[in-house]
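To start, the structure itself, in structure tokens.
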Amino acid sequence: MNIKKIALVIAHQEFQPVEYAHTKKEIEKAGYHVLTVSNAPGTAMATDGTKVAIDCTLDEVKLQDLAGIFLIGGSGALDDLDNNRTHTLMQEANNANILIGAICISVRILARADLLANRKANGWDGDSALDEIFQEHGVTRSNKDVVIDENIITAVGPQAATEFGQKIVALVHEQERLDMEKKRRY
């Protein structure tokens, strides 16, 4: 059986290392391969100086190979990832029934890509701007650290990274179970 990959998208500069590492650890612990994606090739640099090798760029992502694609936060996320390319990729993933999500400040990217309209979500709000952004894009804010609304998972920040990873795995498992049921019926 071909095991699909789960993509974690990080900013090439200033991604959040705890969100990336803890989410990745939970996904790999469950036996899935993590594909590290960024806006540029080579090596990405976290806010604490941690370096991570990039597997592919946003333009090289093959959605058919993915079980899910998730945006990691950090101070560079809005600079590197809040753009038409990322918005389009996440919209295409959503339209292809691939699990999507974001943690921390990157939740704003999903809102701006109009993927959270009429959904519940949560994200980083250290600047007290999240409610205004959510209101502008028709998002209902939840008070949970990790929020699942159908095929979309959002989370508040580093303190929720382990749970974010666990919820991703649970949703991928559920999707696989549903796919197996469909195959058995046909």
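Here, each number is a calculation from the coordinates, and none is a lab measurement. Please read all numbers here as calculations on a predicted model, not as lab measurements. Every residue, glycine among them, receives a Cβ derived from its backbone with ideal geometry; neighbour counts consider all protein chains shown.
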Exercise. Identify, from the list Val147, Val169, the residue that is within 24 Å of Ala21 (Cα to Cα), of a type in the set (Val, Ile, Thr) and surrounded by fewer than 23 Cβ atoms within 10 Å (Cβ to Cβ).
Key: Val169
Exercise. Scan the stretch 36-45 and give yes if some residue there is outside any loop (DSSP other than H, G, I, E, B), in contact (Cβ under 8 Å) with a residue 12 or more places away in the chain, over 22 Å from Asn94 (Cα atoms) and not polar (S, T, N, Q), otherwise no.
Key: yes
Practice problem: Give the stretch 140-159 a look and list any residue that's over 13 Å from the mean Cα position of the chain (by Cα) and either among the β-branched types (Val, Ile, Thr) or in a helix (DSSP H, G or I) (or both), or say none. | Solution: Thr140, Pro158, Gln159
Self-check item: Residue list for the stretch 80-109, restricted to those being outside any helix (DSSP H, G or I), among the hydrophobic types (A, V, I, L, M, F, W, C) and in contact (Cβ under 8 Å) with a residue 60 or more places away in the chain
Solution: Leu99, Ile103
Quiz item: Quick one: Ile133 ticks every box in (1) over 16 Å from the mean Cα position of the chain (by Cα); (2) under 21 Å from Gln91 (Cα atoms); (3) surrounded by fewer than 17 Cβ atoms within 10 Å (Cβ to Cβ) bar one, so which box is it?
Solution: (3)
Quiz item: Out of (1) within 23 Å of Asp145 (Cβ to Cβ); (2) touching a residue at least 40 places away in the same chain (Cβ under 8 Å); (3) surrounded by fewer than 18 Cβ atoms within 10 Å (Cβ to Cβ); (4) among the acidic types (Asp, Glu), the odd one out for Asp48 is which?
Solution: (2)
